[in-house]
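The values are calculated or read from the model by the stated rules, or taken from the named source; none is laboratory data. Quantities reported herein were computed from a predicted structural model and do not represent experimental measurements. Quick reminder, even Gly has a Cβ in these numbers, built from the backbone with ideal geometry, and neighbours come from all protein chains shown. Accessible surface areas use protein heavy atoms only, side chains included; no ligands, DNA or RNA. Shrake-Rupley method; radii C 1.70, N 1.55, O 1.52, S 1.80 Å.
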Amino acid sequence: DLAVTVITAFLWLVSTFTWAKALADIKMSTGASIIPGIESCKAPGTTCRFASVTSMGTLNVSVVFGLLNMVLWGGNVWFVYKDTNLHN
């Protein structure tokens, strides 16, 4: 049980950080900084403007809940460890 709980907590930590990095990449790829890289915006007589991006607040909340869940799994590791023979 202890090994499975440690592995699960570690994988949850890695997946949360991976999702946070992916979310940061999504925000960067959909921001106003992409306009200079669009070929059709470089054409003479063309004007490109950045209107808006949909709110990503719920995605930010998902990262926070992922971190909170990892803390919960970390606490579970402690309690499972206390139930093993390794803890005297």
Original post:
Taking into account only those residues within the stretch 41-88 that are under 19 Å from Val14 (Cβ atoms) and aromatic (Phe, Trp, Tyr), which is modelled with the highest pLDDT?
Top reply: Phe65
Original post:
Which residue pairs have Cβ atoms under 6 Å apart, sit 6 or more places apart or on different chains, and have a first residue in the stretch 1-28 that is part of a helix (DSSP H, G or I) and a second that is loosely packed, with under 13 Cβ neighbours inside 10 Å and among the β-branched types (Val, Ile, Thr)?
Top reply: Leu2/Thr84
Original post:
Could you give every pair whose Cβ atoms fall below 8 Å, whose first residue belongs to the stretch 67-88 and is touching a residue at least 12 places away in the same chain (Cβ under 8 Å), and whose second residue is polar (S, T, N, Q), counting only separations of at least 6 or pairs across chains?
Top reply: Leu67/Thr16; Asn69/Thr16; Met70/Thr16; Trp73/Thr5; Trp73/Thr8; Asn76/Thr5; Val77/Thr5; Val80/Thr5
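Go through the stretch 38-64 and count every residue that is in a helix (DSSP H, G or I) and surrounded by 11 or more Cβ atoms within 10 Å (Cβ to Cβ).
7
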Original post:
Restricting the stretch 1-37 to residues that are within 20 Å of Val80 (Cβ to Cβ) and open to solvent by 80 Å² or more (accessible area, probe 1.4 Å), which is modelled with the lowest pLDDT?
Top reply: Asp1
